[in-house]
Structure formats: C-alpha cells, structure tokens
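Visitor: Have a look at the structure that comes next, please.
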Amino acid sequence: MAVPAIELRGVTTRFGHIVANKNVDLVVNRGEILAILGENGSGKTTLMNMISGIYYPDEGQIFIDGKETQIRSPKDAFDHKIGMIHQHFKLIDLFSATENIILGINDGKKYNLKEAGKQVREITDRYGFVLDPQKKIYDMSVSEKQTVEIIKVLYRGADILILDEPTAVLTPQETEKLFAVLRRMREDGKSIIIITHKLHEVLSLSDRVSVLRKGEYIATVNTAETDESQLTEMMVGKKISLNIERSDPKEPTDRLEVRGVSCEDNMGVRVLEDVTFTARGGEILGIAGIAGSGQRELLEAIAGLQNTSTGDILYHNPDDGQTVDLRHKTPTEIRELGVRLSFVPEDRLGMGLVGNMDIIDNMMLRSYKKGKSVFLARKEPRGLAEKIINELEVVTPGATTPVRRLSGGNVQKVLVGREIASHPKVLMAAYPVRGLDINSSYLIYNLLTRQKEGGTAVVFVGEDLDVLIELCDRILVLNSGRITGILDARETTKEEIGLLMTKTDRGTEGNADAHR
C-alpha cells in the first residue's frame, strides 16, 4: 500500500474564540490532484496556510511520507518540499522572471543568473510552461505572473504544490493551459492540492475531492464517482437547485445609451476609449473582461462617479419619456432618476455601508438626504432590512446588529439587497456574488432575473464566464478599456469570449451588434 505524501490527523486551528478548522483528517497521495472544496469561511485557505507553515495547528498531527512532522514556518514547509502558490502574487515588478525565482534562496553559492536561467528553461520545457526567463514582471500578463510563482516553488524542489484559487483571474484558454501543465506534473509524481469554488473545474481536473463545511472535514470522494449536485449538497449540508432561471426578454426597450465614452485616470492614462453600447430594459447585459479592463471605470462613469473626457451617456426615463444626458448630472441626481450602482469591491464596508450602524440604519442611509422630517421613520427601513435578511438568508442575530459584526459574505448580501430592493430603472451590479457561497450566489442570480422581468435594465459585471453565458442576454467584452465585441449569450462560448478578452486587434469587424 502506497504511503501518502501528506496526511493530517485531527487538525484543529483556532483564532481566539473562532475555530477555523476542527478535527480535520486529510490525505494527499503521490501523483494525484486533490481538490479542496467548501463555501466561504469553511476553512480551506486556513488549512492550506497551516500545511505551508504560515499557521501552526493548535491540535493534531501532520505526517509527510509516513513520518510525523512539525511545520512551524514557510522555510520548514520548503525543507519538506511543500510550496504554496497564493491567490495574490508576491513578485517584484522591476525584476525579471529568473531574478524573482531565485530571490531569497540562500544555498551558500553566489548568484549565477545564467545558470539559474538555464534551470528555469529546463523546468519550463519539462512541464510545458510558456515563459521568457528574461522578461520583466511589469510586462507580464496575469497568467505569466502565475507561471513565475509556480516555477519559483518548483525551482526550490517542491514535490507537494498547493494552489489557492489559481483560475480566478484567468481566461478559459489560460485555464486550459494551466490544467495541461498540472496534469503533466501529476504524471511526474507531484502531489497537487487545488483550492477552488468552480465545480466544473474540480470535475475536469482532480482525481479526488475533499469537502470542508464550517471548518469541519465532511468527506473525500473520487471525482469520477461524483457530480455537481452531490458536491454542492456536501458543501452546503442540504440539497439546493443550481439552475439560473433565464427568461427571454419581453419587449426590451432602450434604457441607457453610451456613445463614444472615453476617460482617463488620475495619472492621465486612458482607461476607457470610445465605448459605445445600449442597455435595454427587460434584459441583462453582461460585461466580461480580464480584471482591470475598464469595468469599474465604465460603471462609475454612468453613475456620475468618474469624469469622462468625451462621449454621451443618454438615459431614456420610462416615467416621463424624457431623454437625459447623465454626464451633466450629479451622482445623487442620477440615483434619483433610478440609475443604481451596486459595486462589490474587496473592501465591502468601503463602498456604501457604515460598519458601526445596524442593518436598519444602513437601509435608511439613502433617505437621510431627503430631509422630510426631523424624526426619521424606521418602520419602512426595518421592513426592508427584515425582507433582505429573510430572502437572502443573511446570517445575523437580527436587523439591529451592527454591519461590521457580519461576515464579508453577509455584508455583501445587505449591500446588493438594498440596491435591488429600491426597484431601480437601471441596476448596475458589479461582482455581486464575489466571495459568496454557491447557494447565496444563485439566490442573487435569480433576483437579478426578477429585476429584468420587471422591466429593469440590468448591467452585470462578473468573473465566471459560465455564469455570464447562463444568466445574461447579451455579453459585452472589454479589453484594455475598449469594446472588442458584443455577443448573444445564448449563441456564444467561453472560448469565443476568452479570445475577445485577450484580443490584440481592437476592431469589432464582423460583429453587427458591436454598437448596440
């Protein structure tokens, strides 16, 4: 019987009163890809940070190749040939790939860039990486930077690799290239642990799947013997439907026309260039693009939060039939017209919610400026708060709980729920399910569909191309601040969107719908 590469027995990790991992047992074999699945807050990253020496367990044992081992630091982890590739890269922009790869290695020898470059090429050739060892980090794409991080741990001799959400910012084509490399590593006898929340990726890549729920180990199953619904039930603890109920648009009407909009950032760098499209009431328009392609600037320009240098943003008000140029309106005036922006950044409390206020008071924030009365009516906001708590299953002791005491995902539900509950004419939802578990994500997708069916023009910025294709009616693709195509979501593929996301020829020839 083969000895596991790494085994955890009864591992528990605490942060004060919070138990992040409770009595976890886990086995990773040589030459296999093990996926770690779990909702947000289930303890996946904490567990992997413990294996890689960032945290130390309060209880339990770790065995490597059958021997009990103490891993008290990342150096200890490297000594045991364990390397972790984190979601956020730790690279020096001004250095080349090779310089970053050898940085921090203290083997008593002089740095020899030429020799190191040769070793880097051997690794790239062996596993099929595409990388120029001399290229500077600031000239690299996201997937190239990730490649440097992976080669960095391989260069140090890692046999057990941990990857945290490695496909979060990759296009479908880049994801497939990464998976091909990981499969070659598996064939070479490497043990690979991958943390991901994308079930279709788990099923296509891994050999086995281990599921965590609320910090506890639930089970490990063979990938070939499971499916999405079983894995979801294991993660959530109950059966849930994973269907986005997309309906056909009924009598879509032009609600928002963006014509030739360009804008620059604070440094004078152009972040949007000649952007032209139409958002229609009764339709969901998806926006796809690699992170930083201008999605944020576009929505903020419409909401009046970003100055534009050229173009028009025309809003066709269904209440009075008037057409208004939003470029000449303040953010408050734009909101009062019914154009709402729900932007979910990494810092959820930095955008529209006040942490020390309770959920009811955060509902009331929108009406403070009306100044109708010295005494603020709390009845309506309380009803709205309780409705959002019930519909979106916000985990909270009650509507009077300060928002800062809620978990990140529950804060997000309050933020998105408040905008949806305002019955907007145009709802711009950017990353509304970022960091949410599967069940909550599908609740929000179906709430957006209900908004569309009520005649709202929904503009949805998302990271998951599968969801964009399943949820939206049309998908606008942004690449470096320009539109490279507008596609019918019912007819397109992930591969077609991925090509437009990375297209170097910025034209939109052959796309009759490009400016609609």
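The values are calculated or read from the model by the stated rules, or taken from the named source; none is laboratory data. Quantities reported herein were computed from a predicted structural model and do not represent experimental measurements. Glycine also receives a Cβ, built like all others from the backbone with ideal geometry; neighbour counts cover every protein chain displayed.
Visitor: Could you please find all residues in the stretch 400-418 being surrounded by fewer than 20 Cβ atoms within 10 Å (Cβ to Cβ) and not hydroxyl-bearing (S, T, Y)?
Guide: Within the stretch 400-418, P402, R404, R405, G408 qualify.
Visitor: Just give me the residues in the stretch 279-295 being assigned to a loop (DSSP other than H, G, I, E, B) and in contact (Cβ under 8 Å) with a residue 40 or more places away in the chain, in sequence order.
Guide: Those that are assigned to a loop (DSSP other than H, G, I, E, B) and in contact (Cβ under 8 Å) with a residue 40 or more places away in the chain: G282, G289, I290, A291, S293, G294.
Visitor: Name the residues in the stretch 112-139 that are aliphatic (A, V, I, L, M) and in contact (Cβ under 8 Å) with a residue 40 or more places away in the chain, would you?
Guide: V130, I137
Visitor: I've got another one for you. Would a scan of the stretch 17-37 turn up a residue that is farther than 20 Å from M234 by Cβ and assigned to a strand (DSSP E or B)?
Guide: Yes, that holds for at least one residue.
Visitor: Identify the single condition in (1) farther than 27 Å from V461 by Cβ; (2) touching a Phe, Trp or Tyr at 6+ places or on another chain (Cβ under 8 Å); (3) crowded, with 17+ Cβ neighbours inside 10 Å that T147 does not satisfy, given that it satisfies every other one.
Guide: The failed condition is (1).
Visitor: Looking only at helices (runs of 4 or more DSSP H) that lie completely in the stretch 90-180, which have at least 1 residues being assigned by TED's automatic domain parsing to the domain that holds L26, closer than 24 Å to V477 by Cβ and not charged (D, E, K, R)?
Guide: Correct list: 142-155.
Visitor: Quick check: anything in the stretch 371-392 modelled with pLDDT of 75 or more and not in a helix (DSSP H, G or I)?
Guide: Within the stretch 371-392 (the criterion being modelled with pLDDT of 75 or more and not in a helix (DSSP H, G or I)), the answer is no, since none of the residues qualifies.
Visitor: Go through the stretch 16-40 and report how many residues are under 20 Å from V411 (Cβ atoms) and in contact (Cβ under 8 Å) with a residue 12 or more places away in the chain.
Guide: So the count comes out to 4.
Visitor: Now for a different question. Filter the stretch 249-295 down to residues that are of a type in the set (D, E) and modelled with pLDDT of 90 or more and give me whichever is surrounded by the most Cβ atoms within 10 Å (Cβ to Cβ).
Guide: Selected residue: E283.
Visitor: Another question, then. I need the full set of residues from the stretch 400-444 which are of a type in the set (K, R) and in contact (Cβ under 8 Å) with a residue 24 or more places away in the chain, in order please.
Guide: Across the stretch 400-444, the qualifying residues are R404, K413, R418, K425, R434.
Visitor: Something else about it: From the list I151, I162, I137, exactly one residue is within 22 Å of S206 (Cα to Cα) and touching a strand residue (DSSP E or B) at 6+ places or on another chain (Cβ under 9 Å). Which is it?
Guide: Within the list I151, I162, I137, the selection yields I162.
Visitor: Would you check which residues across the stretch 209-226 are in contact (Cβ under 8 Å) with a residue 24 or more places away in the chain and within 20 Å of E32 (Cβ to Cβ) and list them?
Guide: Hits for the stretch 209-226 are V209, S210, V211, L212, Y217, T220, T223.
Visitor: Kindly state which helices (runs of 4 or more DSSP H) lie completely within the stretch 418-516 and contain at least 1 residues that are modelled with pLDDT under 80.
Guide: 438-453
Visitor: Taking the condition outside the structural domain of Y442 (by TED's automatic domain parsing), surrounded by fewer than 17 Cβ atoms within 10 Å (Cβ to Cβ), hydrophobic (A, V, I, L, M, F, W, C) and under 27 Å from T13 (Cβ atoms), does A219 pass?
Guide: So A219 fits the description; yes.
Visitor: Does L314 meet the test of being surrounded by fewer than 22 Cβ atoms within 10 Å (Cβ to Cβ), of a type outside the set (S, T, N, Q), at pLDDT 90 or above and in contact with an Asp or Glu (Cβ under 6 Å, 6 or more places away or on another chain)?
Guide: Answer is yes for this residue.
Visitor: Do you know which residues across the stretch 65-110 are on the phi < 0 side of the Ramachandran plot, touching a residue at least 24 places away in the same chain (Cβ under 8 Å) and of a type in the set (K, R)?
Guide: Of everything in the stretch 65-110, just one residue is on the phi < 0 side of the Ramachandran plot, touching a residue at least 24 places away in the same chain (Cβ under 8 Å) and of a type in the set (K, R), namely K90.
Visitor: Working carefully through the options N106, N112, find the one that is surrounded by fewer than 12 Cβ atoms within 10 Å (Cβ to Cβ) and closer than 26 Å to I51 by Cβ.
Guide: Every option except N106 fails the conditions.
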